[in-house]
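This report concerns only the one structure given below.
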Amino acid sequence: QVQLVESGGGSVQPGGSLRLSCAASGITFTIYNMGWYRQAPGKQRELVAGISRGGSTNYTESVKGRFAISRDNAKNTVYLQMNSLKPEDTAVYYCNAMFLQADYWGQGTQVTVST
């Protein structure tokens, strides 16, 4: 049974930081490309950051320089360090694991940035 379990969401003020974690089980983590997506109310889900099985990373333009994705293959975990958070970063953040036709999602974790 595949599980992706996100944690680390919460409420912060603008300029604050959060670190999201996604612990994977039931998959051979090292062969999967991992990603963080987000979905704000009334908007489509979008890719925030991705990290390949080889460690290459990519980011959506709006988070470049503020967010950092990383993975720990020994712990089957992918992280998203989010700094200098803005109100527009408010969304439900989802972890994704993809390899060929296999495509798995976590349940999501809420991130709210407000005063």
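The values are calculated or read from the model by the stated rules, or taken from the named source; none is laboratory data. Computed from a predicted model, the values in this text were never measured in an experiment. Virtual Cβ from ideal backbone geometry, glycine too; neighbours counted across all protein chains shown. Just so you know, the surface numbers come from the protein's heavy atoms only, side chains and all, with ligands and any DNA or RNA stripped out. Shrake-Rupley method; radii C 1.70, N 1.55, O 1.52, S 1.80 Å.
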- line: Scanning segment 2-14 residue by residue, those open to solvent by 50 Å² or more (accessible area, probe 1.4 Å) and in a strand (DSSP E or B) turn out to be Q3, V5, S7, S11
query: With respect to the numbered conditions (1) surrounded by 16 or more Cβ atoms within 10 Å (Cβ to Cβ); (2) touching a residue at least 24 places away in the same chain (Cβ under 8 Å), which one is the sole condition not fulfilled by S25?
result: (1)
- prompt: Does segment 68-97 hold any residues that are within 12 Å of the chain's Cα centre (by Cα) and among the basic types (K, R), and which are they?
  reply: R71
Residue that is farther than 26 Å from V2 by Cβ and either acidic (D, E) or within 14 Å of the chain's Cα centre (by Cα) (or both), where the choices are E46, E61: E61
statement: Taking first residues from segment 72-98 that are open to solvent by less than 40 Å² (accessible area, probe 1.4 Å) and second residues anywhere that are of a type in the set (V, I, T) and not in a strand (DSSP E or B), the pairs with Cβ under 7 Å that are 6 or more apart or on different chains are A97/I27
- request: For segment 33-47, state whether one or more residues are without any contact (Cβ under 8 Å) to a residue 60 or more places away in the chain and open to solvent by less than 40 Å² (accessible area, probe 1.4 Å).
  value: yes
field: Among (1) open to solvent by 70 Å² or more (accessible area, probe 1.4 Å); (2) within 22 Å of S11 (Cβ to Cβ) - the single one E61 does not satisfy
entry: (2)
field: Whichever residue in segment 99-115 is polar (S, T, N, Q) and either touching a residue at least 12 places away in the same chain (Cβ under 8 Å) or in contact with a Lys or Arg (Cβ under 7 Å, 6 or more places away or on another chain) (or both) and, among such residues, is most open to solvent (accessible area, probe 1.4 Å)
entry: T115
